[in-house]
Amino acid sequence: MHRKQLTVFFSLLAVYALTAFATYAFFADELAASAGMSMPDMGVSNAVLGLANAGIILVVYGILGLLGYWFARILGLPGIFSEDGDWRRWFFIPILLGLVCGVFVVLGDLLFASINDFGRFPHPPFPVSILASLSAGIGEEMLTRGFVFGLWGLILNWLLKRFNGRTVALWIANVIAALAFGASHLGTLFVLTGASSMADLSPVLLVETFLLNGIMGLIAGWRYMKDGLVAAAGVHFWADVVFHVMWGLF
């Protein structure tokens, strides 16, 4: 079963690398234009940039993802996927939760648009939005739920071991990972708003970013604890499909 876990992990990693390559090689200009920017001249073709990014992903996320899997095994978590034989738990449940999270983010985006001094968030053009959803669903979950969650879960479980506080440790780690997930979107805010520091960003916009992403992150973390990385990635992917693909088309 350990071999099956690693096989699924490396399959996810390969899909992530391929989506990054395809995005840079075929849609880099469209993606930059959707953010109100233009692709800088790097002196190489977009295909070469795509290969470079795919290589970086294979190395960096491969290392972080394997560390996250190791952390999960120490903590007694499912790891990549649950091994109880009921595949429906890490397939259908994440789809349902992801759709609900996606609708929640759409409603939140509409609610905050009138008060955040920015408006509604832009979306990658179709079909780049599908690639972006796939990349985020895999890559960001490997980083935040796999590595960040696992690392803090390990540290907190050790600190609270004498109090038999494993459940508390895992949920605190889940909150930390959700906050890290929200913080990972700050770079996008700087690009979209042209801000040069945190002081330039609207406090309401910051609350929106951490609240909407944080709640989705908590739900993805809950499924990660129950059914592994595949389930967390499923929640994230389907939420992004609703928000960036379906809502983006409107």
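Bear in mind that the values in this text are calculations on the coordinates, not laboratory data. In this text the structure is predicted, and so the values were computed from the model without any measurement. Ideal geometry is used to build each Cβ from the backbone, glycine not excepted, and the neighbour counts take in all protein chains shown.
Divide, for the chain, the radius of gyration over alpha carbons by 2.2 N^0.38 Å, where N is the residue count.
On the way: Rg = 18.3 Å, N = 250, 2.2 N^0.38 = 17.9 Å.
Against the empirical 2.2 N^0.38 Å value, I get 1.02 for the chain.
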Subtracting the Cα-Cα distance from 0.36 nm times the residue separation, let me have the gained length for MET198 to GLU83 in nm, one decimal. 37.1 nm
In deg cm²/dmol and to the nearest 500, what is the mean residue ellipticity at 222 nm of the chain if only DSSP H runs of at least 4 residues count, each as -39500 (n - 2.57), divided by the residue total? -23500 deg cm²/dmol
Can you give the extra length, in nm with one decimal, that the chain gains between VAL44 and GLU30 once fully stretched, where that is 0.36 nm per residue apart less the Cα-Cα distance? 3.3 nm
Sort 58-67, 205-214, 107-116 for me by packing, meaning the mean count of neighbouring Cβ atoms within 10 Å per residue, highest on top. 205-214, 58-67, 107-116
Computed E for VAL207/THR7 - FRET, C-beta separation, R0 35 angstrom, nearest 0.05: 0.30
